[in-house]
Structure formats: C-alpha cells, structure tokens
Amino acid sequence: MSAFASDPGLDDIRDAAGHGTEVDVAVHLQDGTVRLSILWTQEILLSADDADQVAQALQHAAEQARKITAARRSDRPTEA
C-alpha cells in the first residue's frame, strides 16, 4: 500500500499531442508532501481544460497537505 493518495480525477488526462503521457498529483498521507508526476516522459502538453483540472488537483493536494502537516504539528508534545 502506497503512502501517497492520487487524485482520481486525473485518471483520463493524457498528452494533447497524443503521446500517451499521463500526469499524477498525489499527497503523502504521513508527511503531507505533494507529488506531481509526469509519466513516460519529461513533459506533457495539456489542453486548456486539462491544465485547469491539473491546477485544481494541485490546489486540492496543497489543502490536504496543509491539514496533514498541521495535524502532525498539533500531535507533537510541547516543550515545558
């Protein structure tokens, strides 16, 4: 089981040039880092609608990451 949770809304996003390239945005559920992966190549060409969807996924991942890191900070014992 991966510690990363991917955004399922990006499952159908593919390279606009038809190269089969995929994009993935995921949040690490333990440390709150956000991973942006471009699969099968170094770049991806996106349509305007797909770019909006990726941007929304990144913003959603950032919100989740902030919640995870805030929860981790509140779980730490305070120094006396």
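The values are calculated or read from the model by the stated rules, or taken from the named source; none is laboratory data. As the structure is a prediction and not an experimental result, all values here were calculated from the model. With ideal geometry, Cβ positions are generated from the backbone for all residues, glycine too; neighbour counts draw on all protein chains shown.
Quick rundown of the values:
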{"quantity": "Near pairs, Cβ below 7 angstrom, 6+ apart or cross-chain, from the stretch 5-34 (in contact (Cβ under 8 Å) with a residue 12 or more places away in the chain and buried (at least 19 other Cβ atoms within 10 Å of the Cβ)) to any residue that is among the β-branched types (V, I, T) and part of a loop (DSSP other than H, G, I, E, B)", "calculated": "D15/T21; D15/I44; T21/T41; T21/I44; V23/I13; V23/I44"}
{"quantity": "Some residue of the stretch 44-58 being among the hydrophobic types (A, V, I, L, M, F, W, C) and in contact with a Lys or Arg (Cβ under 7 Å, 6 or more places away or on another chain)", "calculated": "no"}
{"quantity": "Flag for A26 being of a type in the set (A, V, I, L, M, F, W, C) and in contact with a Phe, Trp or Tyr (Cβ under 7 Å, 6 or more places away or on another chain)", "calculated": "yes"}
{"quantity": "Extreme residue, modelled with the highest pLDDT, among residues of the stretch 27-68 that are within 9 Å of the chain's Cα centre (by Cα) and polar (S, T, N, Q)", "calculated": "Q59"}
